[in-house]
Amino acid sequence: MVITKILSKIEKQFANEISLAKANGYEAVLISADGEYDLLNIEDIEDRDYMFDVAQQFGWDKFIIIDIRGLVNKSKLINLTLVTAA
């Protein structure tokens, strides 16, 4: 339940930027889980290595990927410490 609230809060906070990214043909956006940074537009949502590298460069342990390709946005919280441990 807490994760859903975090995702909802972040999506509301960046609603205008997400809409603009979608209008410009991006497939996804990347946002730090704390919402402290600007979002990053992603051209290819399938390039997970690129997204993980960007998050590591910014020092984000947790970040959100929002898939904006469909009619309804799909959000996913990524914990980088769990991904690198696997």
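Numbers for the structure displayed
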item: Relative contact order, percent, the range 15-65 [alpha-carbon distance under 8 Å, six or more residues apart]; result: 37 percent
item: Value at 222 nm in deg cm²/dmol, rounded to 500, when DSSP H runs of n ≥ 4 in the chain each add -39,500 (n - 2.57); result: -12500 deg cm²/dmol
item: Hull shadow area, averaged, the chain [alpha-carbon convex hull, nm²]; result: 5.6 nm²
item: Accessible area (Å², per residue) of the range 1-59, counting only protein heavy atoms and a probe of 1.4 Å; result: 68 Å²
item: Cut-off 15 Å between beta-carbons: net charge of the residues surrounding residue 73, Lys and Arg +1, Asp and Glu -1; result: +2
item: Label-point gap, in nm, between residue 16 and residue 71 - each point 7 angstrom along Cα→Cβ; result: 2.8 nm
item: Surface share of carbon and sulfur [accessible, 1.4 angstrom probe, percent] for the chain; result: 51 percent
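The values are calculated or read from the model by the stated rules, or taken from the named source; none is laboratory data. Values in this document were obtained by computation on a predicted structure and should not be read as measured data. Every residue, glycine among them, receives a Cβ derived from its backbone with ideal geometry; neighbour counts consider all protein chains shown. Just the protein is used for accessible areas: all its heavy atoms, side chains included, with ligands, DNA and RNA removed. Shrake-Rupley method; radii C 1.70, N 1.55, O 1.52, S 1.80 Å.
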